[in-house]
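Presented below is the structure to which this report refers.
The values are calculated or read from the model by the stated rules, or taken from the named source; none is laboratory data. Remember, it's a predicted structure, so these values are computed and weren't measured experimentally. Cβ coordinates were reconstructed from backbone atoms using ideal geometry, including for glycine residues, and neighbour counts include every protein chain displayed. Ligands, DNA and RNA are stripped out before the accessible areas are found, and what is left, the full protein with its side chains, is counted by its heavy atoms. Shrake-Rupley method; radii C 1.70, N 1.55, O 1.52, S 1.80 Å.
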Amino acid sequence: MRRRRPSSQTVKVLLALMTEPTRWRYGYDLSQETNLKAGTMYPILMRLADRGLLETAWESDAPPGRPPRHMYRLTGQGRALAIELNNQAPATKALRLRPKLEGSL
Amino acid sequence: MSHLSPAALTIVVFTPLAAAIILFAGIAWMWLRRPRAPLDAPKLLLEWLIPCMPEHRREWGGAMLAELDQVRGRAARWRFGLGCARTALFPPRMREWPRCWFFALRALDPKCGVLSVLLPPLGLPLLCAAALAAERFTTHDDFFNGELVPGMIGVFIFGSVACMLSGLPLGLAGLIRREQLRWLSAIGPVFSLLIFGYLQLVQHVAQQLN
């Protein structure tokens, strides 16, 4: 199947997740970090999960009185795509990804 | 009715609809004034929409609702809630949209009593559109397509009469279903009859003025 190049908003989300690829992230925090509205960010997360680029999980130790939150982090495929997109980005916009993670796919 | 000026025609046509809207606004105001726990409107909005999402997306709906719990501040909660509502109504795959919209409308569960009061006044704008189209069609040779316009006028007239009469069966249905605000179901049929009386009155006044 022909894949289109991800949108700039999708790239933003991928790179935000890639800054700490092993850490689980929350939706609202990602939205704040990428400056994307929920109505833009959640469809992106859904599409990434559909394509196997994002893994999701529910919080297992939610504090009493509030519902467990949904968490996200990139899969191996997702990290590879994020690195590829980061390498294609202009030098001024590319993230400085931690060296030990660049090869750990 | 076509003898009336555009401003007068607008007032005549939309007065019953305005009356129905004022009635509902009054009901909403009285309901909001009741002593109750503070309304969390963004949360209510998501709780309405999430069950309308396709099965395989509902986990995401739960995720958005749980995340809303983390958002503080009224404006921020509205922004987040509306964004999530947009996602619920427009999921990533376009072919899922009609299904979401259908279930969202169905979840509203419009009451027969409410419709029995709201639909009859909608007949007037349709009737007005039919009358204006008929007048233009008979006086201008170049008015659209000669075959299409009589059909459109017929549809407007049928729709108008159906709306104006709908108060009777809908009011009855509301009473049979024992809906809340049963008095609305009772006045629905009266509304239908009043609309016809209103039309007669307007016609009479317009003739007198001419």
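Who wins for biggest fluctuation among B:Val149, B:Val12, B:Val190 in a Gaussian network model of chain B, springs between alpha carbons below 10 Å?
B:Val149
Roughly how much of A:Thr22 is accessible, in Å² to the nearest 10, using a 1.4 Å probe?
Taking all protein chains as shown, A:Thr22 has close to 90 Å².
For B:His56 and B:Glu135, what is the calculated FRET efficiency with R₀ set at 51 Å and r taken between the beta-carbons, to the nearest 0.05?
For R0 = 51 Å, the calculated efficiency reads 0.40.
Assuming R0 = 22 Å, can you tell me the calculated FRET efficiency for the pair A:Glu59 and A:Thr19, based on Cβ-Cβ distance, to the nearest 0.05?
The pair A:Glu59/A:Thr19 has a calculated efficiency of 0.60.
So, in nm, how far is label B:Arg182 from label B:Ala25 when the simple model puts each one 7 Å beyond its Cα toward the Cβ?
Roughly 3.0 nm, to one decimal.
Rounded, prolate or oblate: pick one for region B:68-112, where a ≥ b ≥ c are the square roots of the eigenvalues of its C-alpha gyration tensor, a/c under 1.5 means rounded, and failing that, prolate if a/b is larger than b/c, else oblate.
Cα axes put region B:68-112 in the oblate bin.
Can you give me the long-range amide H partners of B:Ser166? Hydrogens built in the peptide plane at 1.01 Å from N, cutoff under 5 Å, separation of 5 or more residues or another chain.
none
Using alpha carbon centroids, what distance separates region B:41-83 and region A:18-72, in Å?
14 Å
For A:Thr56, enumerate residues with amide H under 5 Å from its amide H, sequence gap 5+ or separate chain, H modeled in the peptide plane.
So A:Thr56 has HN proximity to no qualifying residue.
In µm²/s, what is D for chain B at 4 °C and 1.567 mPa s, where D = kT/(6 pi eta Rh) by Stokes-Einstein and Rh is the Kirkwood radius from Cα pairs?
Translational diffusion coefficient: 63 µm²/s.
If you split all Cα-Cα distances of the protein assembly as shown into 10 Å bins from zero, what percentages do you get per bin, shortest first?
Spelled out bin by bin, the protein assembly as shown gives 5, 18, 20, 17, 15, 13, 8, 2, 0, 0 percent.
Apply the Karplus curve 6.51 cos²θ - 1.76 cosθ + 1.60, θ = phi - 60°, to the phi angles in region B:54-67 and return the couplings in whole Hz, x for Gly and Pro.
My calculation for region B:54-67 gives x, 3, 6, 9, 5, 4, 5, x, x, 5, 5, 5, 5, 6 Hz in order.
Can you give the Rg to Rh ratio of region A:18-76, both from alpha-carbon atoms, with Rh computed by the Kirkwood formula?
Ratio value, two decimals: 0.97.
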